[in-house]
Structure formats: C-alpha cells, structure tokens
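The values are calculated or read from the model by the stated rules, or taken from the named source; none is laboratory data. Being a predicted model, the structure only gives us computed values, none of them experimental. Every residue, glycine among them, receives a Cβ derived from its backbone with ideal geometry; neighbour counts consider all protein chains shown. The protein model used for the area step is the full one, side chains on, heavy atoms only, and it has no ligands, DNA or RNA in it. Shrake-Rupley method; radii C 1.70, N 1.55, O 1.52, S 1.80 Å.
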Amino acid sequence: MKKLIAGALLMGASTLAFAQPGCGVGAMIWKGQSGIAPHVLAATTNGTFGNQTFGMTTGTLGCQTNQSVQSMAMYMDSNIDKVARDMSRGSGENLDTLAVLLGVDEADRDSFRKVLQDNFATIFPSSDTTSGEAVDGIVALLE
C-alpha cells in the first residue's frame, strides 16, 4: 500500500512540475517562477477570485480565447435557462444558435445536439450552474 501511495505522489508531483498554471491573475502574479509552490499558489489565487473563467471568456488576464467561445459565452449569459431546457431535450433553437456561434457545420449539428444532450448532467451539474461554468463544460467537452 505504501508503494502505491508513493507512486501516486511521485506521478502527481512530476505532472505538476511540468504543468503551467494557465492564465488569470494567479498566473500573472507567479509568472516566471517554477516549482510546485508557485503553481499551487497561482491555481489557488485563480480559484479564490474566480477570474480564470472571466479571462478565458473575455480574452484578458493573459488568457487566449477565440471569437466563437466569446460569442457563445455572451449568448449563454442571457439565455442560460433556455439553453439548458433545449439541451436536456436535445433540440431547439437555442442549441441551433450555439452550433452557429461555434461554427459547427450543418452536417454535424445532429451529432452536436446529441453530444450536448448526452452530457447535460456534466455541463449543468446543478440548478445553480452559472453560464460561465456551463461554457467551460461545453468547451471542455468539445476539445
């Protein structure tokens, strides 16, 4: 059992050593520093202030994003309940709008709707899911 725990810790530490904290205020504050401590502090700062999602949506705070994701995020801000309803059904004009905003080819839209419907519980894990969390879930699913 000790060998299993040690192996897991070693793998986790080696993964963290090569990972970058991404973007957001935490990444900007701890930029240029290496090691586990700055990485954890950058991630903690981003998590505490919830700024990484904002940066990814707006393309600020050192985050790279594309116009399609920005457009989808703005649409989701105003239509999250309608999108959630259509996503749970696997059809509707709000899903079609997301497909257009994301540049999904017409031939792939049935698959797009099906993937979102099948992953509804992941994208909207609770009734309190924010539009930013839903956008992050969709982006992660489609990557």
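Consider K82 carefully, then state whether it is in a helix (DSSP H, G or I), modelled with pLDDT under 65 and among the charged types (D, E, K, R). Considered against the rule, which asks whether it is in a helix (DSSP H, G or I), modelled with pLDDT under 65 and among the charged types (D, E, K, R), K82 comes out as no. Among the criteria (1) free of Cβ contacts under 8 Å to residues at least 40 places away in the same chain; (2) under 17 Å from the mean Cα position of the chain (by Cα); (3) crowded, with 17+ Cβ neighbours inside 10 Å, the one R113 does not fulfil is (2). Restricting region 116-130 to residues that are among the β-branched types (V, I, T) and in a loop (DSSP other than H, G, I, E, B), the residue that is least open to solvent (accessible area, probe 1.4 Å) is T129. Is there a residue being exposed (fewer than 15 other Cβ atoms within 10 Å of the Cβ), assigned to a helix (DSSP H, G or I), of a type outside the set (A, V, I, L, M) and at pLDDT below 85 anywhere in region 50-67? Yes: region 50-67 contains one or more residues that are exposed (fewer than 15 other Cβ atoms within 10 Å of the Cβ), assigned to a helix (DSSP H, G or I), of a type outside the set (A, V, I, L, M) and at pLDDT below 85.
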